[in-house]
Amino acid sequence: MKKILITVAALLLPVMAFSEVKLSYLSGSAAVFHDQKWSEAKQGMLLSEKDKIKTMQDSKAILRVDEHTRVWVRQNTEMEISTGSDGSVLSMLAGKIRARVKLLAGKKFQVKTPVAVCSVRGTEFIISWEGILAVIEGKVNFSDLNFSNNLDVVQGQLSSADDTGKPSEPRAMTAEEVAAEEQEWQGYEGAEDNGTENQGQEKDKEKEAKKENLKDELNDLRMELRDIVGDMRSDIEVTREITNEIKESDISSGRTLRDVHGNIVRVEQHLLRPDNSTIQILNLTKRSDYVYSNRQGWGFAVPNTARLDILDIKIKMNMALPEQITEWPGFIASKDKDLHPQMVEVRMTNQEDEFKVTGDWKPKGSLKEDGKALEEDGLVMNTYINGWKVDAAYDAQEDANALFKEGSDGDGNDKDEMWVWAISPQLKITKDGSTNFVRLYTEAYAINNNGGILTLGGFLSSSDNPFTIMKQVAAEEITFCRKLDGSDFLAKGNLDLVVTPDLALAVAQKLATQMGEFGSSSSSDDNSNNDTADNVNN
């Protein structure tokens, strides 16, 4: 009788063949894509087959895939869920997750990124959508989307997929990398037991237990239904769908490295869309400890404390932009000179001090920042240091203290190193009728992931492909502001920003992927496998 009932149910309710994932914990805000629309996520809700979840800025979530499998979800992460009787597949579109997996016999658990696949049974690992894998416990099989290149990554090892999806040879994680990862995931362990931070109320345990019992019974039925219905979509079809449906409103990247001083740094970047006409780029430089190495011998004192330095860029256009970034090149080309920035704002801050540059679009004839008239429509820019406006019309004339130096050691010997430092001419700044004079002291370095300064010869002679090179380099800029008497104008000593090309690479890869999709759209179904691989690999 049971088999008959199951067969009838399978014919009437095939959607029940898919088990559901529970959003067991949510701090901050998140959205769920269900029934072709986005809606606000709620703690305790169930996510069904092909649903998507997206966490917002400063938010985190925990997904319960089954009784023993948990997925910790970082901020600005988006993924699609596919679950059934044979296991679960999470397809990452952006961000970073950490999974703790314990599966029953015959089950599978996979995480797919745009270029790589992680297949596990019982383990704990961290994977970012860019294809960077760190195994905390157990073993993970790491491969490209076609499973033509694969290897095992074991406990304590790290591997990353290149632009073709091929995983790198696993290497042991350093103690600093392990510590940085553990710090990044603080607050997740035990969060489910502590209840929702958003509501601050205790769960109704008895009611929850009843729901869980009912859910287990339903899941048993769904798993049997899943066996009857079967998988109707192949992995390649899923991959192609992911490529076509990537939402570009929130793109993020992250990397842990050392700065030029030797401090461990976590750099996180986000491309956001506050509204349809505005683009926002955030670059967060996080350090749990900070020591300034004083390479240039200036002798300026800087507090040795944890710090967060932020580069925040906002550009508001004069018209709405397409939702998908992949449509921007054609849109911009079609608008030509009709499209222009209406407002630009660049902020650099260490949470106590702020450098800000603002720009507003003005018509021809308007006065520029230096007091001269615009010869054509354009942006009028203004610069501020801790709220003091820099007088662009002020002429310091011949300032003997203004210096510029690059790529040499303290004795002036050329070392081919990629760095520069400079002392600006004196700047006149005004605020509320008061006037002051300051100078900027700036250092800029091109560094590798170990904090070493790059040499031009070594950079140009590298045989690695461009994507591999870009994942290994970063830029660091350190800025001091001092009064003419030598005293510090900044409360925290300096601004020290580390910027990686990772976000730009992510956008470039998405554009290249979409171009590949257009190029292959006329191909036959027999070639769809190779087309998809080419799209991802580009």
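Assorted remarks:
- Count of residues meeting criterion [surrounded by fewer than 16 Cβ atoms within 10 Å (Cβ to Cβ) and of a type outside the set (Lys, Arg)] in segment 426-447: 7
- Within segment 325-341, the residues that satisfy the criterion of being out of contact with any Lys or Arg (no Cβ under 8 Å at 6 or more places or on another chain) and either of a type outside the set (D, E, K, R) or closer than 29 Å to Leu284 by Cβ (or both) are Glu327, Trp328, Pro329, Gly330, Phe331, Ile332, Ala333, Ser334, Leu339, His340.
- In segment 117-147, the residues that are of a type in the set (A, V, I, L, M) and within 14 Å of Ser159 (Cα to Cα): Val117, Ile126, Ile127, Ile132, Leu133, Ala134, Val135, Ile136, Val140
- Condition met for Ser88 (surrounded by fewer than 20 Cβ atoms within 10 Å (Cβ to Cβ), among the small types (Gly, Ala, Ser) and in contact (Cβ under 8 Å) with a residue 12 or more places away in the chain): no
- Evaluation of Asp485 against (1) charged (D, E, K, R); (2) outside any strand (DSSP E or B); (3) in contact (Cβ under 8 Å) with a residue 60 or more places away in the chain (one fails), failing number: (3)
- Cβ separations smaller than 6 Å between residues 6+ apart or across chains give the following pairs from segment 369-390 residues that are of a type in the set (Gly, Ala, Ser) to residues that are part of a loop (DSSP other than H, G, I, E, B): Gly371/Ala393; Ala373/Gly365.
- Restricting attention to segment 115-170, the residues that are assigned to a strand (DSSP E or B), more than 23 Å from the chain's Cα centre (by Cα) and charged (D, E, K, R) total 3.
- Yes/no for Leu495 being over 30 Å from Thr164 (Cα atoms) and modelled with pLDDT of 95 or more: yes
- Pairing each residue of segment 135-149 that is over 15 Å from Val120 (Cα atoms) with any residue that is of a type in the set (Lys, Arg) and part of a loop (DSSP other than H, G, I, E, B), provided the two are 6+ apart or on different chains, yields C-beta distances under 7 Å for Asn149/Lys166.
- Screening segment 294-322 for residues that are closer than 30 Å to Asp496 by Cα and free of Cβ contacts under 8 Å to residues at least 12 places away in the same chain and picking the one that is surrounded by the most Cβ atoms within 10 Å (Cβ to Cβ) gives Asn294.
- Check on Ile325, within 27 Å of the chain's Cα centre (by Cα) and free of Cβ contacts under 8 Å to residues at least 40 places away in the same chain: no
- Test: residue in segment 428-442 that is touching a residue at least 24 places away in the same chain (Cβ under 8 Å) and under 29 Å from Met173 (Cα atoms): no
- A count restricted to segment 315-336 and to residues that are assigned to a helix (DSSP H, G or I) and on the phi < 0 side of the Ramachandran plot stands at 11.
- Filtered residue count, segment 339-379, keeping only those that are under 21 Å from Lys431 (Cβ atoms) and surrounded by 15 or more Cβ atoms within 10 Å (Cβ to Cβ): 16
- Residue check for Thr383: of a type in the set (Val, Ile, Thr), modelled with pLDDT of 85 or more and either assigned to a strand (DSSP E or B) or in the same structural domain as Ile429 (by TED's automatic domain parsing) (or both): yes
The values are calculated or read from the model by the stated rules, or taken from the named source; none is laboratory data. Since the structure is predicted, the reported quantities are computational estimates derived from the model, not experimental observations. Backbone-built Cβ (ideal geometry, glycine too); neighbour counts: all protein chains shown.
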